[in-house]
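As C-alpha cells, the structure follows; a few thoughts come after it.
The values are calculated or read from the model by the stated rules, or taken from the named source; none is laboratory data. Only a predicted model underlies this, so the values are computations on that prediction, with no experimental measurement involved. Don't worry about glycine lacking a Cβ; one is built from the backbone with ideal geometry, like all the others, and counts go over all protein chains shown. The area values use the complete protein model at the heavy-atom level, side chains included, leaving out ligands, DNA and RNA. Shrake-Rupley method; radii C 1.70, N 1.55, O 1.52, S 1.80 Å.
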Amino acid sequence: MLFFRAHRAVVGRLVMLLLACLSFAGYAHASQPLSQVRALIYSQTAAELQWSRAPDERVQVSYNAQVLGVLDANSYYIDDLDPQVEHRFALQSLNSQNELSEPTFITFSTGDFQPPVRQVYADSSDTVNTPLIPTSAPVTSTLADVNARVYSTSAVELFWRRAGAVLVEVNYNGQVLGRFDADSFYKDGLNPSSTHTFEVNALNGNGEISESHSLSFSTAGFAGSVQTVPATLIEQAAAPVVPVADQAPVQTPPADPQPEPEPEPAPVTVPVNDAPAPDPAIQPVRNGDCVVRSLAELSDCVNAAQGFQRINIRSNLSCTSNNCCPTGGALLRLDGVQSLTVEGNGYRLRREGAQRQCSLLDVTNAKSLTFRNWQLDDDSRVAPCLVTDRCPRMLHVRNSSNVVFDQITVSNSKSYAIYIQQVDGFGFVNSRLENSGVLGLYVGHSGKTSTNVRIQNSVFLDNQTNGLALLGVRGSSVDTNIISNNIFKRNHWRGQWPVAPRYGTGFTGGGQMYIAEASGVTIRGNTLSDGFCENCFIQQTLGTGVSGIEIAVPGQNSVRNVLITDNTVENHDAWGIFVNQGSSLDSSVSITNNRVLNNTVGLKVGGASVSGNTVQNR
C-alpha cells in the first residue's frame, strides 16, 4: 500500500493516551531515543515522518509542542501543513512501562517545495532540498508485476514490484501525480464514463525514466468482484537529466529524434455494474443557486434552504468551537426541507472544535435531499469519544425519505459517524467513510426501521468498531435493500463495549459489517479484509474476535430473508462469516458463492442455506 495512503489509515489508529498532557521536561526519559528519523516532503502541505524503533515500542508525535498522539507504527502522515510557517516535530519512543525517551526533533519548511519528493533528517533541516534518490543509485531500473486492481466504478489501485527502481512516477491521463517511494498507488473519485490511462515509470538514481508501463481501462462495467488489469511495457530510451544546483532535476529534450510511439493498448473493460455514474466533479453556478464561499454564507443558505433547489459550495470551509454550534444545535440543520441538492464540488468542510457538543449535520422530516462530492471532516487532531461519553452523531438523518450521499468523504468523526433512523430511501454511494470514533454507518434502530437502503461502491476504512451496522432494516424481498461492491478494510480495530465480567477484561470484538436486525437485504460483491482489534478480549484461537460479516443480535433470531453472495472475505483473526452466540438462522438466509479466505474459521452459519462457497482457513 502506498505510504501516504497507508499511513493516513495508521493515523486513524492513534491512541490518545493520558500521557499526552505530560511535558517533555516533566517525564522520566527511560526509553531509548528513536533512530533514522527523517521526513519525506511530498508537497507544500503534505509530509511523512519515518523512523526506526524497537518492536515493543510505540512512538509519541508532537507538533509545535502539542501532542498529536501515540502510534504503534513506523511513520506518521500529515496533509494540512501551512506552507507559510516552519514545522517542528518532536518524536519520543515509549516503552512497555510507558516511559518516554528523550525527544528527537525534526524541523523543516515546505513553502519552497518543488518535485520530486525531498527528505530532511532530524536536526539537519538544511538537507530539505536534497533529492530522495541518491546519486550512487544504479543507472538502470525496472519494474515487475505492474497491474491495476479495480475496486469499484470509481476506485482503483496500481501495484508494482521494484526490481531496481529507486522511485516510481505515476501519470494519469497525461498528468504527473507524483514520484513515490512505495509499491502501490490508490486513486478514487474516477468517472466511470471515462477511459482511464495510467503510466507507471521506473526512475533510477539520476531521476531518469528507465522504462514505462501503460494501463488503459474503463471501470463502467464493474460487477462486484475485484478485477485485475495487467500493464503493457512501453520500450523507450531514458531522457537525460541535467541537475541544477540546489533545485530539483530538470529534464531536457534528447538530441536524437524520438521513435514514433507505439499505439496505446486497447482499453480493458470490466463487467457491467448497475451503479449510477457520478456527476462531473465541478458544477457550474446556475441561476437560482445559493452560492457558498464562506461559513456565514453556508449558514444563510441552509437557513433559507426551502427556497432553493441547490446549494453550490465554492470554497473550503472550517469552523472553530465558537461557531460550530451556532444555535446550540447542529452546525447544519435541515428540518422539513424538500427537493434540495448540496453540491460540494470536492471542497472540504472541517470542524476544528465543538465536535463533542453538536452534530455537523442534522436532517429531520426531509424529502429528496442529495449531498454530493463534499468532504466532511471532524479533524484527526481531536481525540475520538468513548461510547460512554454519549457524544452526538456527526451526521444524523431521521424521519425522512430519499436522502442520498453521493461521492461524499466522511472522516474523523468522534462518535457515530452517520446515524440513519426511520428513513425510507437512503443512499451512501461512491463514497468514503474512515476513522470513525465509535462506529461508522449505523442504519435502522430497532422500532424505527429504515427501508430501500442502497450502500454501494464505497470504502469503509479504519472505523473503530463496525464499518457498517444494520440494526433495523426491513424489506419485503431481498432486492429491497442492497449492500454491494463496497470495500471494508481494518474496521473494528478498537473495541468500545466491555466483555461481561465473567470473561475477564477487555472489549468485545465483532464484524466489520454487522447485520443485526434485518430482513429483505442483498449483500453482494463486497470485499472485507484485515480484521484485528488492538484492545479486544483474546478468544484463544479466534484472536481478538474480529470477523468479516457478523449476523444477528446475540441470543435473538433477528435476521431473515437475506442473500449474502459473491463477496470476498479474507484475513480475519476470527470468522469470515458467522452468526452470534445463542442466535440461529433459517433457510431464508442464503450464503452462496463467497470467497472466504485466510480467516481463522471460514463459516459459522448454522441453519442458513449454504452453497458454492470457497473456504480456505488459515
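Placing +1 at every Lys and Arg Cβ and -1 at every Asp and Glu Cβ, with all other atoms neutral, what dipole size does segment 395-454 have around its Cα centre, in debye to the nearest 20? Each step should come with its number before you reach the end.
Values: 5 positive and 3 negative charges, 24 e Å.
With Lys and Arg at +1 and Asp and Glu at -1, about 120 debye.
How high is the FRET efficiency from Ser35 to Arg618, r the C-beta distance, R0 30 Å, rounded to 0.05?
So the FRET efficiency works out to roughly 0.30.
Mean separation of Cα pairs under 8 Å and 6+ residues apart, divided by the residue count of segment 577-618: what relative contact order is that in percent? Could you put the intermediate results ahead of the total?
On the way: 78 pairs, mean separation 19.5, N = 42.
Over segment 577-618, the number comes to 47 percent.
Which whole-number value in Å² is the accessible area per residue of segment 49-126, probe 1.4 Å?
Details: 3290 Å² over 78 residues.
Normalised by residue count, the accessible surface of segment 49-126 is 42 Å².
Of Ala608, Thr544, Ile483, which is farthest on the positive side of the dipole of segment 464-618, counting Cα position, with +1 on Lys and Arg Cβ, -1 on Asp and Glu Cβ, and the Cα centre as origin?
About the Cα centre, the residue reaching furthest to the positive side is Thr544.
Rolling a 1.4 Å sphere over the protein heavy atoms, what is the accessible area per residue of segment 492-572, to the nearest Å²?
On the way: 2950 Å² over 81 residues.
With the other protein chains kept in place, segment 492-572 gives 36 Å² per residue.
Rank by packing, highest mean first: peptides 534-545, 145-156, with packing defined as the count of other Cβ atoms within 10 Å averaged across residues.
Working: 534-545: 17.4, 145-156: 21.8.
Ranking, from highest mean packing down: 145-156, 534-545.
Hey, how many Å between the Cα centroid of segment 527-581 and the Cα centroid of segment 447-508?
Their Cα centres are 10 Å away from one another.
Past 30 Å, Cα to Cα: identify those pairs from Lys414/Lys604; Lys187/Lys448; Lys414/Lys448, in the order given.
As for pairs spanning more than 30 Å Cα to Cα, those are Lys414/Lys604; Lys187/Lys448.
Using mean Cβ contacts within 10 Å as the protection proxy, how do 358-367, 560-569 order, highest first?
Numbers: 358-367: 20.4, 560-569: 22.7.
Answer by packing, highest mean first, reads 560-569, 358-367.
Could you report segment 575-618's accessible area per residue, 1.4 Å probe, as an integer in Å²? If you can, show how the numbers build up before the last one.
Working: 1980 Å² over 44 residues.
Normalised by residue count, the accessible surface of segment 575-618 is 45 Å².
Roughly speaking, what is the centre-to-centre gap between segment 359-401 and segment 87-101 when only Cα atoms are used, to the nearest Å?
Taking the Cα centre of segment 87-101 as reference, the centre of segment 359-401 is 34 Å away.
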